[in-house]
1. List the relative contact order of the range 142-210 as a percent without decimals, with contacts defined as Cα pairs under 8 Å and 6+ residues apart.
2. With +1 on each Lys and Arg Cβ and -1 on each Asp and Glu Cβ, and nothing else charged, work out how big the dipole of the range 77-247 is about its Cα centre, in Debye to the nearest 20.
3. Taking 0.36 nm per residue of sequence separation and subtracting the Cα-Cα distance, how much length would be gained by fully extending the chain between residue 159 and residue 82, in nm to one decimal?
4. What is the sum of charges, Lys and Arg at +1 and Asp and Glu at -1, for the other residues whose Cβ falls under 11 Å from the Cβ of residue 247?
5. Using alpha-carbon pairs under 8 Å, 6+ residues apart, how would you state the relative contact order of the range 77-247 in percent?
6. For the range 77-247, would you read off the P(r) tail past 30 Å as a percentage of all alpha carbon pairs?
7. Which ³J(HN,Hα) values, rounded to whole Hz and listed in residue order, are derived for the range 139-148 from phi using the Karplus coefficients 6.51, -1.76 and 1.60 in 6.51 cos²θ - 1.76 cosθ + 1.60 with θ = phi - 60°, glycine and proline given as x?
8. Give me 102, 205 ranked fewest to most by other Cβ atoms within 10 Å of their Cβ, as a rough exposure proxy.
Amino acid sequence: MPVGSSGGSSSSRGWGWSFFAPRPGRHGYYSGAYVPSYGYGYCLRTTTVTTGAVATEVVTGEAQAEETVAAEESGVRVTAGVEGLYLTAGQRGFLFGGGATVEGERFGLTLLGQDIAVQADDGSGAVDHIGVLTARLSFAFLTGKHGRLRFEAGVDTVIAPNLIALGPVLGLSGSLWIAGPLALEGSVFAVPYPYWELDWRAGAVLGLGPVGIRAGWRAQMLDDRGLVDGVAHRDTFMGPYVGLSVVF
């Protein structure tokens, strides 16, 4: 303010940048899925910044203005969980898997493993097992108060009778906050070569503190493209899933 003028101070409130304008919330974990008011959700940190200096011809002094800035909590978040799926579409069996995700404000790493156990279709009563191991890097290109959308890329390994194959995996995953502790989640991933795999899911999550209870529908198609015996074998595994995730 120019010398010789009288004046005071004013304060302004602003938000840190994000694709969606953030909203105030208690501190908690931002898994990329849920809401600020719950541990299994977004969180904002509030910082008070003191600025400003005022001087006049008669009195020289300082007046302080406070500005509150909210931004997404930085740092690394770790999530671990398990998931079970009951096979339908005429198949008898189940899928059981588990894994962990380490994610920062934008980048993350996911490690997953699963076992698909399905009754053999040759009438022998035996159970066939197919294992899938996955490692993916992720980048959240949209993030804000309503959720998170990621691009993911990595490697997928299928371990089946008479076959072990590894291929690149690409896909999208995301979540959308609805209300209270409830969120929607979804993902789609594909392996184009040397075998073909398509894996998609759609579900909902209930966040209770650091715990997320997940449920929905998942479908996974595997096609060996004739790698075993020169004849293409395609199996589709689908059904309802239930999972439990914990934030550390």
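Values in this text are rule-based calculations from the coordinates and carry no lab data. As the structure is a prediction and not an experimental result, all values here were calculated from the model. Backbone-built Cβ (ideal geometry, glycine too); neighbour counts: all protein chains shown.
1. Values: 135 pairs, mean separation 17.2, N = 69.
Normalised by residue count, the contact order of the range 142-210 is 25 percent.
2. On the way: 12 positive and 16 negative charges, 163 e Å.
For this selection, approximately 780 debye.
3. Numbers: separation 77, 0.36 × 77 = 27.72 nm, distance 1.97 nm.
Here the segment from residue 159 to residue 82 would lengthen by 25.8 nm.
4. Details: positive: 77; negative: 103.
Combined, the nearby Lys, Arg, Asp and Glu give 0.
5. On the way: 470 pairs, mean separation 31.5, N = 171.
Reported as a whole number, the value is 18 percent.
6. Values: 2656 of 14535 pairs.
Counting every Cα pair in the range 77-247, those more than 30 Å apart make up 18 percent.
7. The phi angles translate into 9, 7, 8, 10, 8, x, 5, 8, x, 8 Hz.
8. On the way: 102 16, 205 24.
Final ranking by Cβ density, sparse to dense: 102, 205.
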